[in-house]
Amino acid sequence: MNPSKLIIITAPSGSGKTSIVRYLLQKYPGQLSFSVSATTRKPRENETEGRDYYFLSEAVFGRKIQNDEFIEWEMVYQGIYYGTLNTELERIWKMNKTPVLDIDVKGALHIQRHFSGASCSVFVQPPSVEELKRRLESRGTETPESLNARLNKAAYELSFKDHFNYVIINKHLELACIEADKIVSGFLQAGVTRLRK
Ligand code: 5GP
């Protein structure tokens with residue numbers, strides 16, 4: 001396996017990318033591993049340190065920025081930082097696996113540039129902004145302010161979809177998973193040669 005290969009799944013928040021990522025990780029447990037990001041966000045119920053995120057204080061996150069420990073980092077929402085640690089990708093490559101990154105669009109563009117030729121990027125598109133709103137509301141994790149922030153950001157992020165190798169429209173989750181599976185199995189088998197764009 002090429003140790004610098006990676007898979008990027010990106011999308012506006014609420015597009016269903018996390019469900020697709022979970023599906024892929026279950027389907028290829030021996031080949032894929034979730035890249036655990038660092039964040040300054042507080043853990044939600046059911047979230048576990050080191051499994052969902054490395055939950056850091058702003059001070060610690062800031063120190064890691066200073067020390068160049070991130071391959072990319074973003075203030076994804078007002079005052080909330082997220083980033084991919086170099087050590088996280090190395091940890092996964094050492095296991096001879098391919099990291100799967102579930103990251104926002106700006107971070108994804110950055111990583112894609114950094115690993116150009118070795119990454120497979122998939123943009124998961126929600127069927128519509130209305131549907132996105134409905135999904136975020138039914139998830140019940142948002143305040144009216146954070147919901148609005150996420151919707152505004154989603155409209156902006158949608159404009160970048162054509163920068164990625166593949167776009168999957170997530171109208172029916174099962175079909176979107178099948179599509180993602182085809183893309184990933186092709187990438188795992190044939191590597192970068194079969195990538196689009
Ligand atoms: P949530 O707070 O809902 O877990 O995630 C919010 C957003 O941050 C999602 O779009 C998620 O993909 C993105 N995100 C998670 N980890 C990272 C990261 O390491 N870098 C960047 N740029 N975005 C991330």
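The values are calculated or read from the model by the stated rules, or taken from the named source; none is laboratory data. Because the structure is predicted, anything quoted here is derived from the model rather than measured. Note: ideal-geometry Cβ built from the backbone for every residue, glycine included; neighbour counts use all protein chains shown. To get the accessible areas, we keep the full protein, side chains included, count just its heavy atoms, and leave off ligands, DNA and RNA. Shrake-Rupley method; radii C 1.70, N 1.55, O 1.52, S 1.80 Å.
Please count how many residues of region 69-88 are closer than 17 Å to Asp52 by Cβ, open to solvent by less than 40 Å² (accessible area, probe 1.4 Å) and at pLDDT 95 or above.
Number satisfying all stated conditions: 5.
Applying the selection to region 31-47, what residues are open to solvent by 60 Å² or more (accessible area, probe 1.4 Å) and more than 9 Å from the ligand (Cβ to nearest atom)?
Gln31, Lys42, Pro43, Glu45, Asn46
Tell me, which residue of region 103-125 that is closer than 19 Å to Phe61 by Cα and of a type in the set (D, E, K, R) is farthest from the ligand (Cβ to nearest atom)?
Among those that are closer than 19 Å to Phe61 by Cα and of a type in the set (D, E, K, R), it is Lys106.
What helices (runs of 4 or more DSSP H), lying completely within region 1-98, carry at least 3 residues that are under 12 Å from the mean Cα position of the chain (by Cα) and of a type outside the set (S, T, N, Q)?
Result: 17-27.
Out of all the residues in region 1-18, which are touching a Cys at 6+ places or on another chain (Cβ under 9 Å) and at pLDDT 95 or above?
Within region 1-18, Leu6, Ile7, Ile8 meet the criteria.
Would you please name the residue that is nearest to Ile71 (Cα to Cα), looking only at residues in region 107-129 that are in a helix (DSSP H, G or I) and β-branched (Val, Ile, Thr)? Break it down stepwise before answering.
Here is the first cut: in region 107-129, the ones in a helix (DSSP H, G or I) are 107-114, 129.
Restricting the remaining residues to those that are β-branched (Val, Ile, Thr) gives 111, 129.
Details: Ile111: 8, Val129: 31 Å.
This residue is Ile111.
If you take the residues of region 16-30 that are within 24 Å of Leu132 (Cα to Cα) and among the basic types (Lys, Arg), which of them is nearest to the ligand (Cβ to nearest atom)?
So, considering only residues that are within 24 Å of Leu132 (Cα to Cα) and among the basic types (Lys, Arg), the one nearest to the ligand (Cβ to nearest atom) is Lys17.
Would you be able to tell me the number of residues in region 139-163 that are open to solvent by less than 50 Å² (accessible area, probe 1.4 Å) and charged (D, E, K, R)?
4
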